[in-house]
Amino acid sequence: MKKHFRDLLKYNEWANYRALKSIEDQGDSDHELFYLFSHILSVLIIWLNRIYLLPTSPIPVWEQYKLTELSNMTEESSNNWNDYMGEHKLETFEEMIFYTNSEGKKYESTIREIITHMVNHSVYHRGQIARRLREMGGEPAVTDYIVFARAK
C-alpha cells in the first residue's frame, strides 16, 4: 500500500512541475492560470499541515501567488510530502486525522482518503489549467498518470 501512495504522490509532483512549466511558458499575463495553480499548491500544504496537526489558518485556500512563489511552493510541497512518506512507518494509511476545514467545520478522514482526495483534486484543477492554456493558444504539458508510469 505504501508504494501505491508513494507512486501517487510522485506522480502528483511530476505533473505539478510539468503544469508549472506550461504556465511559465505562457507568461505571467493570465490571472486564472495563477489562481488555479496557487489553489492546488495551497491545498497540498494545508492537507499536510492537517496530517501533522499544524495550523492551517495562515494559508488561504484560494489565493493567487506570483510565478516565483509558485515555483518555491511547488518545490517545498514536493519536498515536504516526500519527507512525510519517508517518515511514515506503517504500510497502511488508515490512521484517522481530526481537523477543521476552512469553513470551521470539524471532520475526520483517514490519511488514505486525504491522499486520494488531494491527488484527484490536483488532477481536476490541472485539467482546468490545460483547458485555459488551450483557450489562450498555448500547449499544456501532458500530465496523464499513464505517461508518468511509462517513464518510470
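Coordinate-derived values only; no laboratory data. Note that this is a predicted model, so its numbers are computed, not measured. Don't worry about glycine lacking a Cβ; one is built from the backbone with ideal geometry, like all the others, and counts go over all protein chains shown.
Looking across segment 56-66, the residues that are surrounded by 11 or more Cβ atoms within 10 Å (Cβ to Cβ) and not acidic (Asp, Glu) come down to 56, 59, 60, 61, 62, 64, 65, 66. Would you check if residue 56 is among the hydroxyl-bearing types (Ser, Thr, Tyr), closer than 14 Å to residue 5 by Cα and either touching a His at 6+ places or on another chain (Cβ under 8 Å) or not in a helix (DSSP H, G or I) (or both)? Judged against the criteria, residue 56 is not a match.
Checked against the criterion of being closer than 26 Å to residue 146 by Cβ and of a type in the set (Lys, Arg), the candidates 2, 89, 105 yield just one match: 2. Close contacts from segment 83-97, counting a first residue that is closer than 14 Å to residue 9 by Cα and a second that is of a type in the set (Phe, Trp, Tyr) and surrounded by 15 or more Cβ atoms within 10 Å (Cβ to Cβ), with Cβ to Cβ under 9 Å and a gap of 6+ residues or different chains, come to 85/5; 88/5; 93/5. The single condition among (1) more than 22 Å from residue 7 (Cα to Cα); (2) within 13 Å of the chain's Cα centre (by Cα); (3) among the hydroxyl-bearing types (Ser, Thr, Tyr) that residue 116 does not satisfy is (1). Contact map, segment 35-49: first residue among the small types (Gly, Ala, Ser), second residue part of a helix (DSSP H, G or I) and buried (at least 19 other Cβ atoms within 10 Å of the Cβ), Cβ cut-off under 9 Å, separation 6 or more or different chains; pairs are 38/70; 38/73; 42/73.
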